[in-house]
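Heads up, the thing below is written out as structure tokens.
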Amino acid sequence: MFTLGRGTVYYEDEYLLVINKPAGMLVHPTVKEDGSTLYNYVKNYYEANSIASGLHPVSRLDRNTSGLVIFAKQPRVQFLLSQQEVTKKYLGVTATLPPAPAGCIEAPIARKEGSIIERCVSDSSKYARTDYKVLATNKNKALLELTLYTGRTHQIRVHLAHIGCPLYNDNLYGTPGPQSRHALHACYLKFKHPAKDMVLEISCALPEDLRKIIY
């Protein structure tokens, strides 16, 4: 591992790299924010090290979610990764205890009417599944391991709020207020390398700011 700007590279070869994104940073540039995103940090890293490769984000995370993000170095690699099932696991701290030590949440998710950001559970939308397992508790808070089987926008946040235990500090789906760092971290990826005969398993630990909440 080595540090790249505000992120840490957990894997890199001539085809792709996997970076641990800090909370508070966008993955992709936008009209309003173009210069301090993870994309920009990787671009600067390429330029500083004379790496003549493309820069193609494969996965995405919310601004205030930390954790592992994949970048492909070639369009073909990006396409191949998009065509396979990537195992994704997260660690999340909830503001209240879940209804059971483990569970499967199957609830379709749609854009909330009147909002361009917020999502909600809706019977008329796309299927979504999240499995969870309690790893630790501290009073009324719980540390969960969460496995995604679909990739809907805000899926974990919506699903946990749906069962009555929103993420700690998630002011969009929990207690209303200014948006800040919600307690979610993308901790694990497993996928078949698109150009080599190997399976990659990459993990990164719960960051210190979230450890302080639960331990």
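The values are calculated or read from the model by the stated rules, or taken from the named source; none is laboratory data. These figures come from a predicted structure and were not determined experimentally. Glycine also receives a Cβ, built like all others from the backbone with ideal geometry; neighbour counts cover every protein chain displayed. Surface accessibility is based on the protein's heavy atoms, side chains included, excluding ligands, DNA and RNA. Shrake-Rupley method; radii C 1.70, N 1.55, O 1.52, S 1.80 Å.
Number of residues in the stretch 121-133 that are open to solvent by 50 Å² or more (accessible area, probe 1.4 Å) and either hydroxyl-bearing (S, T, Y) or more than 22 Å from the chain's Cα centre (by Cα) (or both) equals 3.
Among the numbered conditions (1) assigned to a loop (DSSP other than H, G, I, E, B); (2) of a type outside the set (A, V, I, L, M); (3) at pLDDT 95 or above, the only one that R211 does not meet is (1). Do we have any residue at all in the stretch 86-103 that's closer than 30 Å to Y41 by Cα, in contact (Cβ under 8 Å) with a residue 60 or more places away in the chain and in a loop (DSSP other than H, G, I, E, B)? The answer is yes; a qualifying residue exists.
When the stretch 153-180 is examined, which residues are found to be part of a helix (DSSP H, G or I) and either open to solvent by less than 50 Å² (accessible area, probe 1.4 Å) or modelled with pLDDT under 95 (or both)? Walk me through it before giving the result.
Restricting attention to the stretch 153-180, the residues satisfying the condition of being part of a helix (DSSP H, G or I) are 155-162.
Answer for the stretch 153-180, where residues must be part of a helix (DSSP H, G or I) and either open to solvent by less than 50 Å² (accessible area, probe 1.4 Å) or modelled with pLDDT under 95 (or both): Q155, I156, R157, V158, H159, L160, A161.
For the stretch 82-120, the set of residues classified as among the hydrophobic types (A, V, I, L, M, F, W, C) and either over 24 Å from K190 (Cβ atoms) or within 16 Å of the chain's Cα centre (by Cα) (or both) consists of V86, L91, V93, A95, L97, A100, A107, A110, I116, I117, C120, listed by residue number. Regarding A186, is this residue touching a residue at least 40 places away in the same chain (Cβ under 8 Å) and among the aliphatic types (A, V, I, L, M)? Here the answer is yes, as A186 does meet what is asked.
Is it the case that E33 is assigned to a loop (DSSP other than H, G, I, E, B) and at pLDDT below 90?
Numbers: assigned to a loop (DSSP other than H, G, I, E, B): yes; at pLDDT below 90: yes.
Spelling it out, E33 is indeed assigned to a loop (DSSP other than H, G, I, E, B) and at pLDDT below 90.
Evaluating I105 against the criteria (1) under 23 Å from A161 (Cβ atoms); (2) modelled with pLDDT under 95; (3) in contact with a His (Cβ under 6 Å, 6 or more places away or on another chain) leaves one unmet condition, (2).
Among the conditions (1) modelled with pLDDT under 95; (2) open to solvent by less than 70 Å² (accessible area, probe 1.4 Å); (3) under 26 Å from I163 (Cα atoms), S53 misses just one, which is (3).
Residues that are of a type in the set (K, R), modelled with pLDDT of 90 or more, open to solvent by less than 50 Å² (accessible area, probe 1.4 Å) and not in a loop (DSSP other than H, G, I, E, B) occur at least once in the stretch 109-119.
Applying the criterion of being in contact with a helix residue (DSSP H, G or I) (Cβ under 9 Å, 6 or more places away or on another chain) and assigned to a strand (DSSP E or B) to the residues of the stretch 59-77, the residue that is surrounded by the most Cβ atoms within 10 Å (Cβ to Cβ) is S66.
Every condition in (1) more than 23 Å from L206 (Cβ to Cβ); (2) of a type outside the set (S, T, N, Q); (3) open to solvent by 40 Å² or more (accessible area, probe 1.4 Å); (4) in a loop (DSSP other than H, G, I, E, B) is met by L80 except one, and the failing one is (4). Report whether or not Y90 is closer than 21 Å to V69 by Cβ, modelled with pLDDT of 95 or more and aromatic (F, W, Y). Considered against the rule, which asks whether it is closer than 21 Å to V69 by Cβ, modelled with pLDDT of 95 or more and aromatic (F, W, Y), Y90 comes out as yes.
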